[in-house]
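Notes follow the structure.
The values are calculated or read from the model by the stated rules, or taken from the named source; none is laboratory data. Everything quoted here is computed from the prediction, not taken from an experiment. Please note: Cβ atoms are built from the backbone with ideal geometry, for glycine as well, and neighbour counts cover all protein chains shown.
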Amino acid sequence: MMSTWSRSAPWAITSRQSAPRSAKSAARMDGATRGVSGGMVIRGCRGSGMPDPKPGLPYHAAMTEEPMADLSRLDLLRTMGQGHLLDHAETLTGSRKDRFLAELAALDLEELGTLVDRYVRSYTPEMPPGSLSPAPVIGLEDPSREPARHTGEALIRAGKVACFTVAGGQGSRLGYDGPKGCFPTGCVTGKSLFQIFAEGILGAQRRHEVVIPWYIMTSPLNHEATVAFFAANEHFGLDPTAVRFFPQGVMPSFDRQTGRILLAGPGELATNPDGHGGAFKALRVSGALEDMKQRGVEHLSYFQVDNPHAKPVDAVFLGLHASSPESSGEFSSKMVPKTSWDEKVGVFCQADGRTRVIEYSDLPEELAKQTDEHGRLRFIAGSIAIHAIGVSFIGKVTGDAAFALPFHRAIKKVPFFDPDSGRLVDPQEPNGVKLEKFIFDCIPMAEKSIVVEADRVEEFAPVKNATGNDSIESSKRLQTERAARWLEKAGASVPRRADGTVDATIEISPLTAQNAEQLAEADHPASISPGAEVVI
């Protein structure tokens, strides 16, 4: 049984609140969206809050221009070891063949050959810079934080801040059939990740008396279902015209041994999203960047969809980003101290005078294990994928014809269609190469970039795995722990077990409070009973 706190009935016992309608049921709503062609090309996404995007290309250049079906260059595929695609095209007929040939013609053949040679057939991992040092960090007790709060609040009130969420993933690793953002995550109510963020934005709008636009980058895999989910839930109280959806680009998936592009089905290339590093180009080509400029937005609060503790709008962080002498206001980041030398998070470092993130797998072990005179890890600043980004910076780098981020290679199990047998194959071992770009590779492009410390319990409760670390179970424990800390700071009594863990399950709506100070000013219970499930 769950207790819901309210002023009129402090301990009215209610039935468990219903979670928002599922992504699957929402996607069935008539008229909410139109289809996704071939699982790759977005067409006519009505209800997205954006103009209908042009048909995209089946890789990272998606959404730029209407692809021209110039078939004269397709013979180059044979010289590049991709002749199987032309052979497969000959087995197709009618419109399916025409669509497949158009997709092949849209490929950047020159880049394709380079990518296959560099990342698939003869891959050599890039070595990190030789002169790495820990990145400077603005700590939790830094005196500049309080003045920055006022700066950030002024930016928010002036309408110069928008939220940007990367939400292209599916919930398959969590055993959930739908977009990850639709996954029920609230530790008592089962609210979806999207609803938690929406309530955070709505709460900030009410406090600052301003509309805060929200830009959501989906993928071709989940765009339709995401748009429908928001429509089915009436955008969780937000103004639909201020919630904008657009899909990221995709890349072909390659056979690990041969470098051949895999097929997903007859007349259909196997593809994967091009990573959050494709966000900048997607913002530009979708029209979202221009929309920000028209609205007067100057800074983006960037966070990924799998972290319910991410603050959609953090005045302190935004103020530091915009006003710190160490920041050019282009690209700022949050960190939490790593829990161990081998924790699987990227690490903020400096090389050649520039801040950058080194992936955990690329940081040499001898550096990862280094400690200072106090026994603390030197390379301790772990990335939690929360950033503040200047809109003008995005325009500057994407307006440069030479702008390009490096690809990162991942070996994955990629289901594929075997045209010889006519069967779909579900591999038991990793058989494919997926290429992605990461947004943190933009950090060295900023003139000056700051890294700001965050409290792990306050801001990092990711839902990435079905069990174990970073799972829904661990996230719910952190949600309760954070709520308990806020209550205790407000003078409430919270039951704890002998090991210090909370003997209750507590969820605080972002509409009620988004930090301990706000909760202290709001109505809240004076005590929590052992074993209770409480929503405030």
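For the reader, a short list of remarks on this structure follows.
- In segment 365-383, residue surrounded by the most Cβ atoms within 10 Å (Cβ to Cβ) [restricted to those that are part of a strand (DSSP E or B) and of a type in the set (A, V, I, L, M)]: A381
- Across segment 277-325, the qualifying residues are those that are of a type in the set (A, V, I, L, M) and more than 27 Å from K434 (Cβ to Cβ), and the one among them that is nearest to the chain's Cα centre (by Cα) is V313.
- Of the candidates L77, L92, L104, L115, the single residue that is crowded, with 19+ Cβ neighbours inside 10 Å, under 22 Å from A264 (Cα atoms) and in contact with a Phe, Trp or Tyr (Cβ under 8 Å, 6 or more places away or on another chain) is L115.
- The helices (runs of 4 or more DSSP H) found wholly in segment 64-134 and carrying at least 2 residues that are within 13 Å of I261 (Cα to Cα) and aliphatic (A, V, I, L, M) occupy 83-89, 109-115.
- Selected residue (criterion: modelled with the highest pLDDT) from residues of segment 156-197 that are surrounded by fewer than 22 Cβ atoms within 10 Å (Cβ to Cβ) and of a type in the set (A, V, I, L, M): A158
- Members of segment 193-245 found to be among the polar types (S, T, N, Q), touching a helix residue (DSSP H, G or I) at 6+ places or on another chain (Cβ under 8 Å) and assigned to a helix (DSSP H, G or I), listed by number: Q195, T226
- Count - residues of segment 497-516 that are within 28 Å of H208 (Cα to Cα) and either free of Cβ contacts under 8 Å to residues at least 24 places away in the same chain or among the polar types (S, T, N, Q) (or both): 4
- Note on segment 329-364: among residues that are of a type in the set (G, A, S) and modelled with pLDDT of 95 or more, the one that is surrounded by the fewest Cβ atoms within 10 Å (Cβ to Cβ) is S340.
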